[in-house]
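Asks: The structure is given below, and queries will be raised subsequently.
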Amino acid sequence: MMLRRPRADAFADDATALTELMIASRRATMPHLAEPRAPAEVHRWMRETVLPSRSVWIVEVAGEVVGFALRNGAWLDALYVKPGWTGQGIGQRLLDAMLEEAAANADVMRLYTFQRNAGARRFYERNGFVVVELTDGTDNEEREPDVLYERRLARL
C-alpha cells in the first residue's frame, strides 16, 4: 500500500482514476443518492479545481488507485475507498495523513457526510469526530440530509 500525492506527469490519469473511484464508491455505498452532475462534469471539477487547489492524498496498491482524500484548509472535503477495498486500513491511512497535515495550521477538522451513510459515520465517530449539526440537506446538491462532524486537533 503506497500513500502518494498526485503526479504532475500523470495529472490527467490521476483525475480520471479519482473521478471513477468517487462515482463507483458513491454508487456502491448509497445507490439511491441523487447524482446532480454528469461524470464528465465531475471529471472536469477534479482536473481543474480539486487537483490544482486541494491537498490530495492517494493510496495505490500494485499501481491501482484504491482510495483518496481531499482537504481544503480545515475541511476534509472527501475520503473515498474503492468498492471491494474497504476494511483494509485504506481509509484510516488517508484520514491519519489528513489529520496530521491539518494539525500544522488548524485547531479542528470538519467534514460533512450523509446521515444515512452509516459506515462513514461509524468510521468518523471511531476516529474522534463528534456531531455538530444535523441538516435537512437543503444546502447540498444531492438534497440529502447530512451531518456536520468536527474533531479537535493537537497542534504540532
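None of the figures in this text is laboratory data; all of them are computed from the coordinates on show. As the structure is a computational prediction, the values presented were derived from the model and not from experiment. Positions of Cβ are generated from backbone atoms using ideal geometry, with glycine treated the same way; all protein chains shown enter the neighbour counts.
Asks: When the helices in the chain are scored as -39500 (n - 2.57) per DSSP H run of 4 or longer and the sum is shared across all residues, what 222 nm value do you end up with, to the nearest 500 deg cm²/dmol?
Replies: When only DSSP H runs of four or more count, the value is -9500 deg cm²/dmol.
Asks: Quote the relative contact order of the chain in percent (integer), defining contacts as alpha-carbon pairs under 8 Å separated by 6+ residues.
Replies: RCO, the chain: 21 percent.
Asks: First check a/c for the stretch 1-70, with a ≥ b ≥ c the square roots of the eigenvalues of its C-alpha gyration tensor; if it is under 1.5, answer rounded, and if not, answer prolate when a/b is larger than b/c or oblate otherwise.
Replies: The shape class here is oblate.
Asks: What does the charge count around VAL61 come to, taking other residues whose C-beta lies under 15 Å from its C-beta (Lys +1, Arg +1, Asp -1, Glu -1)?
Replies: Surrounding charge for VAL61 is +1.
Asks: Return the Rg/Rh ratio of the stretch 83-139 with Cα-based radii and a Kirkwood Rh.
Replies: Taking Rh as the inverse mean 1/r over Cα pairs, Rg/Rh reads 0.99.
Asks: Another one. Can you tell which of ARG116, ARG26, ARG93 shows the greatest fluctuation in a Gaussian network model of the chain with Cα springs below 10 Å?
Replies: Comparing ARG116, ARG26, ARG93 in the GNM, the peak value goes to ARG116.
Asks: Under unit Cβ charges (Lys, Arg +1; Asp, Glu -1), what dipole magnitude, rounded to 20 debye, does the stretch 2-152 have relative to its Cα centre?
Replies: So the dipole magnitude of the stretch 2-152 works out to roughly 320 debye.
Asks: Sticking with the crude label model, points 7 Å out along Cα→Cβ, report the distance from ALA104 to ASN127 in nm, one decimal please.
Replies: Between ALA104 and ASN127, the simple spin-label model gives 1.8 nm.
Asks: Hey, could you grab the Kirkwood Rh for the chain? Inverse mean 1/r over distinct alpha carbon pairs, Å, one decimal.
Replies: 16.0
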